[in-house]
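For reference, the structure discussed in these notes is given below.
The values are calculated or read from the model by the stated rules, or taken from the named source; none is laboratory data. Because the structure is a prediction, the values reported are computed rather than measured. Cβ placement follows ideal geometry from the backbone for every residue including glycine, while neighbour counts extend to all protein chains displayed.
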Amino acid sequence: MTRKFRNNDESVVESDSLTQVKRNNGTQNTDLEIIKLLQQDGRMSYASIAKSLQMSEGAVRKRVLQLMEDQVISIVAEADPAAFGYNLAVIVLIEPAPGVDIDRLANYFSALPEVTYVVRLASEVSLAIDTYANDMEELNAFLNKHINSNADILRGRPMIKMKAYKMRPKWNELLHSAPEQQTSN
């Protein structure tokens, strides 16, 4: 849905996203600073963010709500799966059978509550999923039910994660090193 937004110079632009308009008008750094603070503490109050960035609380609130509306950020509580008895973290690489609709297969895995992540790959293994299991018996049951007996899957390759070295990207660092987005007129 295209909406109209007023620029700092009072001109009106049309865009799908106020966040994109802000990026094009040089205020991306403020949004990145807000994101950086929220990555450090997702429960940080608008007042604390405002104080850190020398902005009004209302301006911070407006920006955070807009970033969430535009699906640039989401604020969630992350739990440690091991705290709930999930001792095995597993990535399964999936090679679909010939002619299988990959999007349909991805939607199948996306609907499973025990699957936490589904991505399409540019590879012979077209999908990768993440799942957790309490033990090898539970993992085997998952693999037999959803991978091994699934006619849409030619081959599934489970890989148990032994150790995580990094799990949280620092988007502010990535974005600062990314090339500027070009806008078309």
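The condition of being charged (D, E, K, R) and out of contact with any Phe, Trp or Tyr (no Cβ under 6 Å at 6 or more places or on another chain) holds for Glu78.
Scanning the stretch 138-160 for residues that are in contact (Cβ under 8 Å) with a residue 40 or more places away in the chain, within 16 Å of Ser110 (Cα to Cα) and in a helix (DSSP H, G or I) yields Leu143, Ile147.
For residues that are of a type in the set (S, T, N, Q) and within 15 Å of the chain's Cα centre (by Cα), scanning just the stretch 101-128, find the one that is nearest to Ile147 (Cα to Cα). Selected residue: Ser110. Within the stretch 53-67, residues that are farther than 15 Å from Lys36 by Cα reach partners that are surrounded by 14 or more Cβ atoms within 10 Å (Cβ to Cβ) and of a type in the set (S, T, N, Q) with beta carbons closer than 8 Å, at six or more positions or on different chains, in the pairs Met55/Thr30; Gln66/Thr19. Filtering the stretch 91-114 to residues that are assigned to a strand (DSSP E or B) and either modelled with pLDDT under 95 or more than 18 Å from Ile160 (Cβ to Cβ) (or both) leaves Glu95, Pro96. Condition check for Glu95 on (1) closer than 30 Å to Ile147 by Cβ; (2) exposed (fewer than 12 other Cβ atoms within 10 Å of the Cβ): one failure, at (2). Say we look at the stretch 115-133 and pick out the residues that are under 21 Å from Ala164 (Cα atoms) and hydroxyl-bearing (Ser, Thr, Tyr); which of these is surrounded by the most Cβ atoms within 10 Å (Cβ to Cβ)? Per the criteria, the residue is Thr131. Cβ-Cβ contacts under 7 Å between residues 6 or more apart (or on different chains), taken from a first residue in the stretch 68-81 that is on the phi > 0 side of the Ramachandran plot to a second residue that is in a loop (DSSP other than H, G, I, E, B) and charged (D, E, K, R), are absent. Residues in the stretch 161-185 that are modelled with pLDDT of 65 or more and either surrounded by 11 or more Cβ atoms within 10 Å (Cβ to Cβ) or not in a loop (DSSP other than H, G, I, E, B) (or both): Lys161 only. The residues of the stretch 67-90 that are within 30 Å of Asn29 (Cα to Cα) and assigned to a helix (DSSP H, G or I), listed by number, are Leu67, Met68, Glu69.
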